[in-house]
Amino acid sequence: MTEKLVRLEVSDYVALVTLDRQPVNALCREMRRQIVATFDEISARDDIRCAVLISGGKVFCAGADLKDRPAEDIPGDFLEHNRITRETTNAIRECAKPVIAAVNGAALGAGMAMAMACDIFFASDEASFGMPEINVGLAGGASMLRSVLGRSAMRRMFFTGRRLSAAEMYRLNVIEEVTTAAALLPTAMELAREIASKAPLATIYAKRAANMVDVMPQRDAYRFEQEFTMALAKTEDAREARMAFLEKRKPEFKGR
């Protein structure tokens, strides 16, 4: 029986995803496959509208498991390894539902990339972030750093393997909020429940739009969003939201 390395709990339309490969949640291929499968499941489930990603233990994720490297003597093994490595973060970024990172310890290398693939970032005051690949003779993750850091800060971290504290990441305007370790999950869950209270179709379209406008010119991106607005305006949920607003009551969304 395959060991469960990623736990999924669902309550009140919020999914709590917990990385659970102790002691440091190093990413082996099986764990990556389970992460991909978990976020694909979240995308497909109607009883989930938002997700929170956290880890068990004191380390969020120490990065790739260096003991689980591809075999050079097996044709295609390196390509398969690279594919599942890419899809680990892609599954989070492309998840149909918003994903909140609750970083409760060190997030290094692929661990930092995973956190930065989320939509909103919270961290405890015990968290730290880094891309230490350069320290083991490798180079990777510049595309992840570029999405959240400015040019100089990104290159300094990438070229040196420098680790930043949660406070430093907050100063660089990357993290939404730094909390105590005890307050981290309640803070993330509170926001997740707020997001989950919105019209589910609108939230799905909003996530898709947020991803697309990152890579589109402003003129094209706004037209893209307008087409979403036109489609959403015809839904039952949009009509319910308007009526609830006018009638000063809580809306009852049906996801259609």
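The values are calculated or read from the model by the stated rules, or taken from the named source; none is laboratory data. Note that the structure is predicted; figures quoted are calculated from it, not measured. Virtual Cβ from ideal backbone geometry, glycine too; neighbours counted across all protein chains shown.
Within the range 13-23, the set of residues being hydrophobic (A, V, I, L, M, F, W, C) and in contact with a Leu (Cβ under 9 Å, 6 or more places away or on another chain) comprises 15, 16, 17, 19. If only residues of the range 186-207 that are within 19 Å of the chain's Cα centre (by Cα) and polar (S, T, N, Q) are counted, the one that is farthest from residue 49 (Cα to Cα) is 187. The number of residues in the range 68-89 being under 29 Å from residue 9 (Cβ atoms) and either in contact (Cβ under 8 Å) with a residue 40 or more places away in the chain or of a type in the set (Asp, Glu) (or both) comes to 6. Number of residues in the range 48-93 that are closer than 15 Å to residue 32 by Cβ and not in a helix (DSSP H, G or I): the value is 12.
Per-residue answers, yes or no, for (1) surrounded by 22 or more Cβ atoms within 10 Å (Cβ to Cβ); (2) under 21 Å from residue 187 (Cα atoms); (3) in the same structural domain as residue 204 (by TED's automatic domain parsing); (4) modelled with pLDDT under 95:
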residue	(1), (2), (3), (4)
10	no, yes, no, no
32	yes, no, no, no
36	no, no, no, no
40	no, no, no, no
52	yes, yes, no, no
56	no, yes, no, yes
63	yes, no, no, yes
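Within the set 210, 183, the sole residue that is of a type in the set (A, V, I, L, M), part of a helix (DSSP H, G or I) and under 17 Å from the mean Cα position of the chain (by Cα) turns out to be 210.
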